[in-house]
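No value in this document is a laboratory result; all are computed from the given coordinates. Bear in mind the structure is a predicted one, so any value in this text is a computation, not a measurement. Counting neighbours? That spans all protein chains shown, and the Cβs are built from the backbone with ideal geometry, glycine included.
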Amino acid sequence: MKAFRQTQICFIKSNNSITKINITYLKSIAFFTIYILLLNLILKNYSYIANYLITILLTTITITTITYLINVQKKEKSFIKLFAEDNVLSVSLALSPFLVSSSIKELLLVSLITVISKKSIKGINLSSILYGILFLYIYRYFQNDLNTPLTNLAQLNYFGTYSEVVTNNGSILSYILGYNYLSPLISLLALVYLFVKKSIKYNLAFSYIITYTTMMLIIGIFNHMSIWFVFFQLVSGNILYYVTYALGDSAVTPETSEGQILYGYILGIISVILRFIVPETSIIIAIILGHLLLTPLVRKIMVKLKYDYKSSILYFGLTTILSVITIIILIIIK
Amino acid sequence: MVTIDKKKISPTKKIIDNIKIQIIYIPLKSKLGYTFKPLAQVGDYVSIGSPLGKNDVCDLLLTSSVSGTIVGFTKKYISDASLVDCFVIENDFKEKYYDKMGKKKDITKYSKDEFIYLLKKCGITGMSGNDFPTYLKYDTKKELNYLIVNGAECDVYASTDSAIMYNNPEEILECIDAIMEIMHIKKTYIAINESNTLVINKLLRYINTYPNIKIYSLLDAYPNGYERYLVKEIFSKEYHKTPEEVGIITENVSTIYAIYEALKYHKPLSERIITIAGPGIKKEANYKVKIGTNFSEVILKTEEYNKLKDPVLIAGGLLMGLSIPSDELIVTKDLSCIVVTNNYEEVSKECIKCGKCTEVCPSKLIPSMIIEKPDCAKKLKIDRCIGCGLCSYVCPSKIEIRDKIRKIKEGSK
């Protein structure tokens, strides 16, 4: 007779791990960084490159230090954890493009808020950067340093023409390549990469993009805008960047595919509404609202969505009615 | 469905069938929880097929797998990792049968009642991890139109069905034909992994004689042997509790072979083929052993274990199997595989709610939610869990979800 250790585990495991997911995100965000550097190299924007590199360095040092100090408070002194689990490199790289022209004070505050929110929501993706960026927008608004107003409630019925909205910043192509914003094209490639690597809740991201694009398309058509309107709404304001890196954060979004689709659907509607109220920060606010308020709600009805066909129809039906009402209101306003 | 690198014993490898075991242990409780009231006592002489116990709930007999004398009772481990009381029988190797009625030439000439009686008398139960009495499946007034013979063997190492199909293709096909004739079944599909070309080619040589028997090649993924998956994949049908609801019956290859022996020779289910494999086993192979064989004695009769750092013994495959604390493990009718491998325990982290477990669950459960809210387990349909282990397999946080769900399930009973 021979005794064996008794342990009721699954004796074969996939190579999927949190570290692997983090590395996938790091690779995609690193690609983004390289793209920004190359684009500015081609444009001979050397001072921007220097600024950007310094910002990356400073942001990385700041975020790593703050995260390490918080970890030490929790008696976790491992340096490997900082990079493997806390994902400090990805967070720093994702945040850097927003901090290029920031003061040291802004950089410190944004980093601090990002790390604290990351530790609070325990997300594994990069949704924590939203809190830092939102803070930066609000801070600059109160410093009267923001080029565009944070809200344009007064101009709610102003959709703008191509020359008014787009030509001032180049063309749709310059938006797509990311001269003024983070490239939507690269964001889309990163989204596809994360989808192929199965590291993203793709149902959520695609449901969001489809809802947002479709609603904008209908609103545009009824307001006699051409296709540029939809493109502009999709490529400006770093929407695809946030969708790729922050929207589908595992820890704060529903688990089931039905829940994710409904979540993306509702969030798409919220984003469309906010887009006409707070254009600069619409998606940031929408995602934060989604993570804080919508997720608990969808998680509550997730089981019904999965197992009860009638409930599923009811919830999706109600959401469709909401989207139709939104579209009608936005058409009437104009 | 997930593709997993499945290590298998080649069906061409010889089945080791010359192991003679002196002491046989017949458990008084089955894996499904059927307990048997003893009908024999210490000192009684028993033959193969002699009734040792009876379960009145499902009218099921517990029979002896050898001829010899009952020398006592003892506790041994069975495949669900529980210690159960067993009859101890000293084998006299005379292979006497309690009631053998000779060879039947044409096994299609049974009536449905005779068929069901034979299944009951020969103690035929499921042989692929679930020892559900086979006669109960056929004892139905519902019209059965299709038979699925499950030869998928999706778990890692499990290779017995392939060995049976490769070595006994004529017997398997003859038995399927007989079941179809007796039960008026229109068509049969033998489901086999598409990568199992050796077996598919072997069956193709004989299958032309049977126009209503088809081979259905399955995508080689896990858990493609799951009954609900097979019915959905082949017929695009779903059912509530059992496939009989939609006129389909499923049977495992090993069970089909046991039915064949029952129909042809009236032979009780007294032996089975079992895969013994893993890095801890020196002589990996399929073994034909008596039901009630003590695994430790098989190892003693063959070769010792390979030295491993932290070995574990698993009753079943790597994904669905359970760890047993000792090799005093009894081969029961449902046990198709025993693996000795290295312990693979990882430190688990907090759930990141990535939804991977929900995505892969073949029973359409939300495993992460079940372990988060065990009080709502029933509402979350925990009963549907088949313990396939895919949730634990894919979890990036390395949480042992399968085990946690199993404990919640046991607690809720």
Exercise. Of A:306/B:398; B:31/B:407; B:13/B:301; A:197/A:304; A:201/B:373, which sit over 27 Å apart, Cα to Cα?
Worked result: A:197/A:304
Seminar exercise, completed: Once both label points are put 7 Å beyond Cα along the C-beta direction, the residue B:145-residue A:321 separation in nm becomes 4.0 nm
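I'd like the antiparallel share, as a percent to the nearest 5, of DSSP beta bridges with both residues in the protein assembly as shown. All intermediate terms of the calculation are to be shown ahead of the outcome.
Working: 42 of 66 bridges.
Antiparallel bridges make up about 65 percent of those DSSP assigns within the protein assembly as shown.
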Seminar exercise, completed: Expressed in nanometres to one decimal, the distance between label points 7 Å along Cα→Cβ at residue A:179 and residue B:58 is 7.5 nm
For this session: Using a 10 angstrom cutoff on alpha carbons, build the Gaussian network for chain A and name the most mobile of A:122, A:74, A:304.
Result: A:74
For this session: Find which of A:288, A:177, A:215 sits farthest along the positive direction of the dipole of chain A, computed with +1 on the beta-carbon of Lys and Arg, -1 on that of Asp and Glu, about the Cα centre.
Result: A:288
Problem set entry | Inter-chain shielding of B:317-325 (mean C-beta neighbours from other protein chains, 10 Å cut-off) | 3
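Which of A:291, A:224 comes first, and how do the rest follow, when ranked by fewest Cβ neighbours within 10 Å?
On the way: A:291 24, A:224 9.
With the sparsest Cβ surroundings first, the list reads A:224, A:291.
Once the Cβ-Cβ distance between residue B:302 and residue B:10 is put in as r, and R0 is 22 Å, what FRET efficiency do you end up with, to the nearest 0.05? Intermediate results must be reported in sequence, preceding the final value.
Values: r = 18 Å, r/R0 = 0.82.
My answer for the efficiency is 0.75.
Nearest 0.05, what FRET efficiency do residue A:8 and residue A:277 give at R0 = 60 Å with Cβ-Cβ as r? The partial results should precede the final answer.
On the way: r = 54 Å, r/R0 = 0.89.
After rounding, the FRET efficiency stands at 0.65.
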For this session: In nm, give the distance between the simple-model label positions of residue B:45 and residue A:31, each being 7 Å from the Cα along the Cα-to-Cβ direction.
Result: 7.9 nm
Exercise. Who wins for biggest fluctuation among B:229, B:260, B:239 in a Gaussian network model of chain B, springs between alpha carbons below 10 Å?
Worked result: B:239
Seminar exercise, completed: If each part is reduced to its alpha-carbon centroid, segment B:368-413 and segment A:179-226 end up apart, in Å, by 35 Å
Exercise. What ranking of A:175, B:117 emerges when the number of other C-beta atoms within 10 Å of each C-beta is taken as an exposure proxy, fewest first?
Worked result: B:117, A:175
Seminar exercise, completed: Partner shielding of B:350-363, as the mean number of partner chain Cβ atoms within 10 Å, equals 6
Problem set entry | Residue order, fewest to most surrounding Cβ atoms within 10 angstrom, among B:245, B:171, B:303, B:297 | B:303, B:245, B:171, B:297
